[in-house]
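Chemist: Mind having a look at this structure? Questions to follow.
The values are calculated or read from the model by the stated rules, or taken from the named source; none is laboratory data. Remember, it's a predicted structure, so these values are computed and weren't measured experimentally. In this analysis, Cβ positions are derived from the backbone assuming ideal geometry, glycine residues included, and neighbour counts consider all displayed protein chains.
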Amino acid sequence: MRLELDGVTIGDEPTPALPALDAVLTDGAPTLVAVGTERGPMLASLIAGGRMLPDRGTVRLDGEEDPERIRRAVALVDTPMASEPTPAVPVGSVVREELVLAGRPASRQAVVDLLDDLGIGAWRRAPMTDLPPTDRIRLLLTLAAARPGVAALVLTSPERHGGPSDEWLGIVRSLTEAGTPVLVVGGRALDPVLRSAGVTAARS
């Protein structure tokens, strides 16, 4: 699997909403991208997932410019305006909805079992906004990776929830090593992570 963003841009100079961005995600390692505009992480994620076309530049999956194929193969995770869970919705309800989307059993027991497997069963009735940051990211990535046909994940701005960056970075590394590579798109708060993470990195 190879997902390429080549010079993707939204808006005009001198203040584009998304400055020109190049990034490559492969099976080998996660890729981290820091975007220096307020809406940049969301826009870059939508473009990488085939949900929005850039004003300039291209997105290719395995060498092909095919937005429909990209939409099927790339899942957006915690992306504002696209896949971010409503803050007040209970954790269990988010899990149930994802199980339905994945065509898996979505009974109360199935929800309980999945949350228990992740060690967060006590949070089933809590609102998503209360779930600790690392647990939130692990849950949403795990659910998205289980959808049929998904070959890659785009995680948007995990730093906005707080929590130790090494914890969520460990999660994205584990998923990539298990066969579902993760592109992390965030703001400039990711810069220190990029300098120390030892993974593929890009800046816009």
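Chemist: Got a sec? Which of 54, 67, 90 is surrounded by 20 or more Cβ atoms within 10 Å (Cβ to Cβ) and not charged (D, E, K, R)?
Modeler: Within the list 54, 67, 90, the selection yields 54.
Chemist: Would you mind telling me which numbered condition in (1) in contact (Cβ under 8 Å) with a residue 40 or more places away in the chain; (2) surrounded by fewer than 16 Cβ atoms within 10 Å (Cβ to Cβ); (3) more than 17 Å from residue 182 (Cα to Cα); (4) of a type outside the set (Gly, Ala, Ser) residue 95 fails?
Modeler: (2)
Chemist: Read through the list (1) touching a Lys or Arg at 6+ places or on another chain (Cβ under 9 Å); (2) small (Gly, Ala, Ser); (3) modelled with pLDDT under 95, then give the number of the only condition that residue 106 fails.
Modeler: Residue 106 satisfies every listed condition except (3).
Chemist: State all residues of the stretch 54-65 that are part of a loop (DSSP other than H, G, I, E, B) and either among the aromatic types (Phe, Trp, Tyr) or closer than 15 Å to residue 8 by Cα (or both); if no residue qualifies, say none.
Modeler: 54, 55, 65 - these are the residues of the stretch 54-65 that are part of a loop (DSSP other than H, G, I, E, B) and either among the aromatic types (Phe, Trp, Tyr) or closer than 15 Å to residue 8 by Cα (or both).
Chemist: Right, another one. Read through the list (1) under 15 Å from residue 36 (Cβ atoms); (2) in contact (Cβ under 8 Å) with a residue 40 or more places away in the chain; (3) loosely packed, with under 15 Cβ neighbours inside 10 Å, then give the number of the only condition that residue 192 fails.
Modeler: Condition not satisfied by residue 192: (2).
Chemist: How many residues does the stretch 70-87 hold that are more than 27 Å from residue 27 (Cβ to Cβ), surrounded by fewer than 18 Cβ atoms within 10 Å (Cβ to Cβ) and either at pLDDT 95 or above or touching a strand residue (DSSP E or B) at 6+ places or on another chain (Cβ under 9 Å) (or both)?
Modeler: So the count comes out to 3.
Chemist: What do you reckon, is residue 95 under 20 Å from residue 172 (Cα atoms) and not polar (S, T, N, Q)?
Modeler: So residue 95 passes the test.
Chemist: Applying the selection to the stretch 49-69, what residues are of a type outside the set (D, E, K, R) and farther than 15 Å from residue 23 by Cα?
Modeler: 52, 53, 67, listed by residue number.
Chemist: Filter the stretch 3-23 for residues that are loosely packed, with under 15 Cβ neighbours inside 10 Å and either in contact with a Lys or Arg (Cβ under 7 Å, 6 or more places away or on another chain) or of a type in the set (Lys, Arg) (or both) and give the result.
Modeler: Passing the criteria: only 7.
Chemist: If you don't mind, there's one more thing I want to ask. With the requirement that a residue be modelled with pLDDT under 95 and under 18 Å from residue 1 (Cβ atoms), what does the stretch 33-66 give you?
Modeler: 33 - this is the single residue of the stretch 33-66 that is modelled with pLDDT under 95 and under 18 Å from residue 1 (Cβ atoms).
Chemist: Sticking with this structure for a sec: Kindly provide the set of residues from the stretch 134-169 that are farther than 21 Å from residue 51 by Cβ, under 14 Å from the mean Cα position of the chain (by Cα) and not aromatic (Phe, Trp, Tyr), ordered by number.
Modeler: If the condition is that a residue be farther than 21 Å from residue 51 by Cβ, under 14 Å from the mean Cα position of the chain (by Cα) and not aromatic (Phe, Trp, Tyr), then 134, 136, 138, 139, 142, 159, 161, 169 are the ones that fit.
Chemist: Then there is this: Identify all residues within the stretch 138-166 that are outside any loop (DSSP other than H, G, I, E, B) and free of Cβ contacts under 8 Å to residues at least 60 places away in the same chain; write none if there are none.
Modeler: Across the stretch 138-166, the qualifying residues are 138, 139, 142, 143, 159, 160, 161, 165, 166.
Chemist: Quickly run through the stretch 75-127 and pick out the residues that are of a type outside the set (D, E, K, R), part of a helix (DSSP H, G or I) and under 30 Å from residue 43 (Cα atoms).
Modeler: Selection gives 91, 92, 93, 94, 95, 99, 100, 101.
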